[in-house]
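The values are calculated or read from the model by the stated rules, or taken from the named source; none is laboratory data. Quantities reported herein were computed from a predicted structural model and do not represent experimental measurements. FYI the Cβ positions are ideal-geometry reconstructions off the backbone, even for glycines, and counts take in every protein chain you see.
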Amino acid sequence: MSQEVITKADPAYLVVRTGVKRGDVYRLPHNQVTTIGRATTCRIVVQDEICSRNHCELFFDVNCWRLRDCGSRNGTKLRGERISGDVELKFGQSFQIGSTIFGLAGSLTQRWDDDDGLDEPIESDTVDALRERHESDSNPEILHRRRQSRFRQPVDAAARDKTSLELSRLYRLALEMGSATTAQGLSEIVLEGLLNASSATIGAILLMSSSLAKNSGGNDQLSVVAYRAQNHQPYHPVSDSLSQIVLKDQEAVLARDISSDDRFLDRDSLGEIEAQSVICAPVRTAEKVYGLIHLYSTDNVSQLEVDDLEFTLAVADQMAAGLEQLQRVEKLQAGLQRAEVENQTLREQLRSEMDLIGESPAMQQLKNRIARIAPTDATALIRGESGSGKELIARAIHLHSNRRGGPFITMNCAALSESLLESELFGHEKGSFTGAVGRKLGKFEQAHQGTIFLDEVGEMSPGVQAKFLRVLEGHPFERVGGGDPVHADVRVVAATNRDLEKAVSEGTFRQDLYFRLQVVELVVEPLRRRKLDIPLLANYFLNRFARKMARNMVGFTPGAMQALIEYDWPGNVRELQHTIERAVILCPHEAVGQADLHLSALGTTGKSVEPTRDISTRQTFEALPLEIVEQQHILATLEWTGWNKSQAAQILGIERSTLDRKLKRYDVERPRERN
C-alpha cells in the first residue's frame, strides 16, 4: 500500500503481528516518540533476549512516519534488511525485532505490503472491538480488551521472569486481601496494591449500591468506596461510555491518549485530569457484577500498558471472590444473629410453657424438690399416673440444670420391641441388621452433654435393662453390630407409672437397676388430689389455645368451672388440656359453659350421667383379675366415645398404638352395627 502524504489528523497504529503480545494494538501519538525495547521505561516492552534495552524508536516527521534503530546489538529489520539511521515507514509495512514482527497501520482493516505470508487483514477480537468503537464518534478509542487474565494460562518461557514477578505481587496482594473484613477495607487494600504495581497515578474503586445487582448498564448505581491520587487531585468519573461498555460486556479495557481526543474533552471529565491512559476493569464473578476498578495515568511518558491491564484484571477477579466471601460471611453472621435471637425467644417461650402451674401444697413441694435436685447430675425417677405431667417435670429439671444448653432427648420405652429399643437407645452400625443401611447414633449419643428422658422405663426388657445399667454406672457401650466403645456424658431422668417394687419382686425388673434409678425420686400427684390447681391450669390452657386459634375467649362460666373442679380427671392434666382445647374449638361463645366441656363419664362422681358400662360406680364388689377390670374399663371407654379410638386413648392416658395392642391381645373387635 502506498501513502503519499500523511497528516497529524490521520490515525496511526502499531500492531504486534507475531510474538508473545500478538494481537496487541498501540495507537501512535504524532507528537511523541514511541520507544521500543526490553527496558521497562520503553513505551512498548519486548520480552526477547535478542531485543536490546533501548532497541528502536518510531516517530512522526512532517508528513511521514520514521523508524530509527538506537544502536541495537542485533538490529532492526525492514524488508529483511537491517536498517541504519532513520528510514521512512509506510502504512502496511512491517519491521522485525528478534521473533516479534510489528506492522504500521493507518486503519483497522490494514493489509500488509510484505510478501512474507502475513498479508491477511488484521482480524482479532481486539481489532474487531476497536473497529466497532471507531465507527461511532460517541465512543472512546479502546486499544485493548480482556475477558480473562493471562495469569490463568501457562507461562511462555520468554515472559517467565516478568510473569513470576507479577505473580509474586499478586500473591502478596491476595494475602493482604484475605485479611479484609469489610468491603471498604478490601477496596483500600486492592487500590493501594494496584497503584504500587502499575504506572497509574490516580485510582478509584466503585461498587454497586446493591450488592445483589445483576448486569446493568450505566454507573448511576455505583458509588466510590476507595480513591487515591498522587497529587491529591479530586476524583472525576471515568468516561460514561467506557463504563457502559465494561459493565455490559464484562471485559476490562485499556484506552490511551484520551486527553488528546477532542471527542472526550467536551463530554467527559477526563480532560480535567488530563488522563493519558485509562484502565477500566469489572469486578465480577460468573453470576454478579460487584463494581468497577478505575486506573488513570496522567504521565505521558509512563502510560498504562497491556501488562497493567492483565494485572488489574487478575486483581479484580480476586477482589470479586473476596467480596463474594465477605457477603457470604455477612449473611452467615446475620443468620446466626437471627438464629440466636430466635433461639433465645424459643427458649423463653419454652420456659414459659414448661413452667409448672399450680399453687397446691403438693405442687409447691414438687417445685421445691426440683429446685434442689436440678443443679446436680443425679439420676432422677419420676413416678405418677399417665397424663400427670412427668415429661414436663423432666424438662423442668433439664431447664434448671447446668446442662440446659445441651440437648433434651426423649424416648418412650414401651413404644418399641426389644431389638428396636436397643437400636434406638444405643445406635447401630451399618449392616447390623436388615434395613441398617448406615450408621445411626443412638439416643444416648444424641443426648451427649445433655439430658435423656426415658418414659415408661418399667417396660424395658431384661436384656435392654442390663445394657442400660452399665451406662448408668458410667461404662461405655457399643452400638448394635459394633465393637468400638462409645462414651456419652448424659444425665438420665426416668419415669414410670408402674409399681416397680412389685415388678422387682416378680423378677421382671432388675433390682440393681431399680436402686440405680431411685437416687432421687419425685412423685407427681394426680390432678384429682390437686383441686386447687384446676382453675389455674384451665385458664392457662384456655388462653393458650385461644391465642393459637385467634379466638377471643374471656373465661369460664361459674357452672363450667365448678364442673371442672368436681370432675375426677382420670386422664389427669393431659385430659384437662384436651378438654379445654375441644371447648375452645366448639364453643360458640366467648365464655366456656358447662355444656361446652363434654366431660367423660369416667371421671364424673355425680349421678347425672349414666355410662354404658361404668365399672367404677358399682356398689357391689366382684373379685376380678386386674386384666379383666382393665378390659372392661377399656370397652366402657370405647362405647362411651362411640369407638373413637383416638379419643378413648386420650381419656385412658395411653398412646393409640398401645390401645390397639391391648385390643388385639384381648381379641376384641368393634361390634357390627345392627340394622
Some residue of segment 522-543 being loosely packed, with under 14 Cβ neighbours inside 10 Å and among the aromatic types (F, W, Y): no
Only listed residue being out of contact with any Pro (no Cβ under 9 Å at 6 or more places or on another chain), in the same structural domain as V283 (by the TED database), at pLDDT 70 or above and not in a helix (DSSP H, G or I), chosen from A204, A174, A226: A226
Residues (more than 14 Å from L536 (Cβ to Cβ), hydrophobic (A, V, I, L, M, F, W, C) and at pLDDT below 90) located in segment 350-378: L350, M354
Residue among F91, F95, F102 that alone is in a loop (DSSP other than H, G, I, E, B), surrounded by 20 or more Cβ atoms within 10 Å (Cβ to Cβ) and touching a Phe, Trp or Tyr at 6+ places or on another chain (Cβ under 9 Å): F91
Positions within segment 31-79 being assigned to a strand (DSSP E or B) and small (G, A, S), in sequence order: G37
Residue that is modelled with the lowest pLDDT [pool: residues in segment 23-51 that are hydroxyl-bearing (S, T, Y) and surrounded by fewer than 19 Cβ atoms within 10 Å (Cβ to Cβ)]: T40
Residues satisfying the stated conditions in segment 411-464, i.e. small (G, A, S), buried (at least 16 other Cβ atoms within 10 Å of the Cβ) and under 24 Å from L522 (Cβ atoms): A414, A447, G450, G458
Among (1) in contact with a strand residue (DSSP E or B) (Cβ under 7 Å, 6 or more places away or on another chain); (2) in contact (Cβ under 8 Å) with a residue 40 or more places away in the chain; (3) in a helix (DSSP H, G or I) - the single one F468 does not satisfy: (1)
Long-range neighbours under 7 Å by Cβ, at least six apart or interchain, first residue assigned by the TED database to the domain that holds H428 within segment 475-486, second surrounded by fewer than 11 Cβ atoms within 10 Å (Cβ to Cβ) and modelled with pLDDT of 85 or more: P476/P485; E478/D484; E478/P485
Candidate set from segment 471-495 (those that are of a type in the set (D, E) and part of a loop (DSSP other than H, G, I, E, B)); member that is farthest from A415 (Cα to Cα): D484
Positions within segment 368-410 being out of contact with any strand residue (DSSP E or B) (no Cβ under 7 Å at 6 or more places or on another chain), among the charged types (D, E, K, R) and either farther than 23 Å from D533 by Cα or surrounded by fewer than 17 Cβ atoms within 10 Å (Cβ to Cβ) (or both), in sequence order: R372, R404
From the options A362, A394, residue that is under 40 Å from the mean Cα position of the chain (by Cα) and under 25 Å from D499 (Cα atoms): A394
Failed item in (1) in contact (Cβ under 8 Å) with a residue 12 or more places away in the chain; (2) over 26 Å from L381 (Cα atoms); (3) not assigned by the TED database to the domain that holds K443, with A550 passing the rest: (1)
Residue count, segment 567-591 (criterion: farther than 18 Å from G653 by Cβ and surrounded by 15 or more Cβ atoms within 10 Å (Cβ to Cβ)): 3
Pair list, Cβ under 8 Å, 6 or more apart: segment 332-347 residue assigned by the TED database to the domain that holds P407 and free of Cβ contacts under 8 Å to residues at least 40 places away in the same chain, other residue acidic (D, E) and part of a helix (DSSP H, G or I): none
Scan of segment 291-312 for residues that are farther than 20 Å from P29 by Cβ and either touching a Leu at 6+ places or on another chain (Cβ under 7 Å) or crowded, with 24+ Cβ neighbours inside 10 Å (or both), ordered by number: G291, L292, I293, H294, F311, T312
Among (1) in the same structural domain as R395 (by the TED database); (2) touching a residue at least 60 places away in the same chain (Cβ under 8 Å); (3) assigned to a helix (DSSP H, G or I); (4) crowded, with 20+ Cβ neighbours inside 10 Å, the one test that R516 misses: (4)
Test: E4 is modelled with pLDDT of 90 or more and among the acidic types (D, E): no
Members of segment 52-80 found to be crowded, with 20+ Cβ neighbours inside 10 Å, closer than 21 Å to Y13 by Cα and under 60 Å from the mean Cα position of the chain (by Cα), listed by number: H55, C56, L58
